[in-house]
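Engineer: Here it is: the structure, laid out below.
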Amino acid sequence: MIIAIDGPAASGKGTLAKRIAAHFGLAWLDTGLLYRAVARDILATGGDLEDVQAATAAAKSVKADSLDDTALRGPRAGDAASIVAKIPEVRAALLEYQRAFARQAGGAVLDGRDIGTVVCPDAPVKIFVTASDEARAMRRFLEHQSRGDSITYDELLADIRRRDARDSGRSAAPMYAADDAVHLDTTALDADQAFAAALQLIELASNER
């Protein structure tokens with residue numbers, strides 16, 4: 001079983017993917033962490049995020065055991081990731097890593113921006129998770145506030161809209177819902193409600209196949 005979960009930042013897809021993976025006993029990969037790690041490694045050497053050669057080299061050197069870095073979860077890491085993610089060579093370098101993860105015995109759950117359209121276009125289950133800009137910004141605000149981060153709601157709202165534009169407008173693997181993906185709007189749902197709704201969608205998608 002391969003479950004592809006796509007959607008914009010803070011739509012709830014990561015939390016959802018993690019719970020779905022645990023429910024079905026599958027491995028889970030937050031593919032966004034790969035791009036965040038690439039950006040982190042470039043910046044660590046004083047490099048330019050838009051330097052294609054440096055970004056591609058960093059993408060080819062990403063190690064799975066470095067994805068647990070808590071610094072990858074910050075808002076600035078996300079913005080930096082969306083810059084390197086628009087580089088076709090970076091996406092190509094990380095594509096096989098993601099596909100190999102999906103091919104493991106038993107299957108996997110992957111979440112990102114282009115799982116159902118590029119990474120795993122033949123996945124039997126595809127879910128595109130959305131939520132309003134304002135709901136997503138508030139989720140991020142509460143998350144960062146709980147960690148003591150100094151960032152405002154307005155800054156996060158602007159960041160989310162900037163990332164959405166960059167992710168959906170890039171030439172390489174732009175973010176959009178696959179034609180056969182089912183849509184899940186989590187604007188008015190809490191984590192438990194979103195999980196229950198996703199399980200229903202997965203059951204329906206599985207039965208249709």
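Engineer: Taking segment 72-110 as the search range and keeping residues that are assigned to a helix (DSSP H, G or I) and of a type in the set (K, R), which one is nearest to T56 (Cα to Cα)?
Structural biologist: R91
Engineer: I'd like the full set of residues that are in a helix (DSSP H, G or I) and of a type outside the set (G, A, S), limited to segment 178-209.
Structural biologist: Correct list: D192, Q193, F195, L199, Q200, L201, I202, E203, L204, N207, E208.
Engineer: Could you list, in sequence order, the residues of segment 127-136 that are closer than 24 Å to D154 by Cβ and open to solvent by 10 Å² or more (accessible area, probe 1.4 Å)?
Structural biologist: T130, A131, S132, D133, E134, A135, listed by residue number.
Conditions (1) within 25 Å of E155 (Cα to Cα); (2) of a type outside the set (D, E, K, R); (3) open to solvent by 20 Å² or more (accessible area, probe 1.4 Å); (4) modelled with pLDDT under 95, marked per residue:
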site	(1), (2), (3), (4)
R76	yes, no, yes, yes
D79	yes, no, yes, yes
Y97	no, yes, yes, yes
A102	no, yes, no, no
L110	no, yes, no, no
V119	no, yes, no, no
V125	no, yes, no, no
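Engineer: Right, another one. Mind checking which residues of segment 15-28 are crowded, with 21+ Cβ neighbours inside 10 Å and under 22 Å from D164 (Cβ atoms)?
Structural biologist: L16, A17
Engineer: OK, next. If G106 passes every condition in (1) modelled with pLDDT of 95 or more; (2) over 18 Å from the mean Cα position of the chain (by Cα) but one, which one does it miss?
Structural biologist: For G106, the failing item is (1).
Engineer: In segment 150-179, what residues are among the acidic types (D, E) and surrounded by 15 or more Cβ atoms within 10 Å (Cβ to Cβ)?
Structural biologist: Residues satisfying the conditions are E155, D159, D164, D167.
Engineer: Of all residues in segment 40-72, count the ones that are over 12 Å from V90 (Cβ atoms) and among the hydroxyl-bearing types (S, T, Y).
Structural biologist: 3
Engineer: For A85, state whether it is among the hydrophobic types (A, V, I, L, M, F, W, C), modelled with pLDDT of 95 or more and under 18 Å from G14 (Cα atoms).
Structural biologist: no
Engineer: On the basis of being among the hydroxyl-bearing types (S, T, Y), touching a strand residue (DSSP E or B) at 6+ places or on another chain (Cβ under 9 Å) and over 18 Å from R162 (Cα atoms), does T70 make the cut?
Structural biologist: no
Engineer: Here are D69, D41: which of them is of a type in the set (D, E) and out of contact with any helix residue (DSSP H, G or I) (no Cβ under 6 Å at 6 or more places or on another chain)? Give the steps one after another, and end with the answer.
Structural biologist: Working: D41 fails: out of contact with any helix residue (DSSP H, G or I) (no Cβ under 6 Å at 6 or more places or on another chain).
When all the criteria are applied, what remains is D69.
Engineer: Just to check your reading of the model, which residue among R147, R139 is over 22 Å from K86 (Cα atoms), within 16 Å of the chain's Cα centre (by Cα), basic (K, R) and open to solvent by 60 Å² or more (accessible area, probe 1.4 Å)?
Structural biologist: Only one candidate qualifies: R139.
The values are calculated or read from the model by the stated rules, or taken from the named source; none is laboratory data. In this text the structure is predicted, and so the values were computed from the model without any measurement. Every residue, glycine among them, receives a Cβ derived from its backbone with ideal geometry; neighbour counts consider all protein chains shown. These accessible areas exclude ligands, DNA and RNA; they are computed on the full protein's heavy atoms, side chains included. Shrake-Rupley method; radii C 1.70, N 1.55, O 1.52, S 1.80 Å.
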